Amino acid sequence: ETALRNDIPRPVIEELIRIYSYDVDFQRKVQAGDSFDVLYAGEEETAGAEARNDVLFTSLVVGGEVKKFYRFQTPDDNVVDFYDETGKSAKKFLVRKPVNEAIMRSGFGVPRHPILGYMKMHTGVDWTTQHGSPIFAAGNGVIEKAEWEGGYGKYIRIRHANGYETAYGHMTAFARGMEPGVRVRQGQVIGFVGSTGLS
């Protein structure tokens with residue numbers, strides 16, 4: 001049956017994380033007043049196992065801000081996506097964090113370099129997570145470079161629409177097939193967390 005329950009199945013939790021992963025950091029501590037509601041199709045309402053536990057609606061309150069999304073399947077191509085009350089997709093042009101379960105170690109600025117020992121401009125964001133964890137493409141695009149890049153070690157650069165680029169360094173390995181000219185989609189695994197180069 002369609003249900004709003006406390007014992008939420010794991011596939012529903014995973015879907016909620018995917019829906020909100022574009023602008024909510026699930027590593028942050030829960031604050032007083034944070035909450036969520038989810039309405040999903042239970043097993044008895046859906047025929048196939050692949051359709052079970054489809055999220056139909058979700059509302060998340062984080063830091064006093066309410067984020068609601070509704071499931072909608074376009075009739076012409078059957079693509080399922082989640083939209084807010086104004087019809088804006090939950091998906092963003094670029095994801096905020098291209099790795100799971102990571103903590104931001106350092107951002108843009110001029111910190112003391114941990115290996116070189118002197119102040120040096122840092123033009124990226126470092127995420128700390130388990131060695132070998134998958135790294136995802138932050139958005140749809142085309143790989144411009146996938147090779148060793150000096151202090152960045154194993155490095156991939158992706159060209160996105162409207163002149164945007166994202167770069168990923170210090171990888172332990174590239175995912176299979178990652179080379180210049182290859183088109184990647186948002187969320188696709190492009191490599192794995194490592195410590196190559198000056199990292």
* Mind checking which lysines have their Cα closer than 22 Å to the Cα of Lys29? Skip sequence neighbours fewer than 8 apart in that chain. => Lys67, Lys68, Lys97
* Structure fact -> Expressed per residue, the solvent accessible area of segment 122-199 in Å² (1.4 Å probe) is about 53 Å²
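The values are calculated or read from the model by the stated rules, or taken from the named source; none is laboratory data. Quick caveat, the model's predicted, so the values are computed rather than measured. Quick note on the areas: whole protein, heavy atoms, side chains included, nothing else; ligands and nucleic acids left out. Shrake-Rupley method; radii C 1.70, N 1.55, O 1.52, S 1.80 Å.
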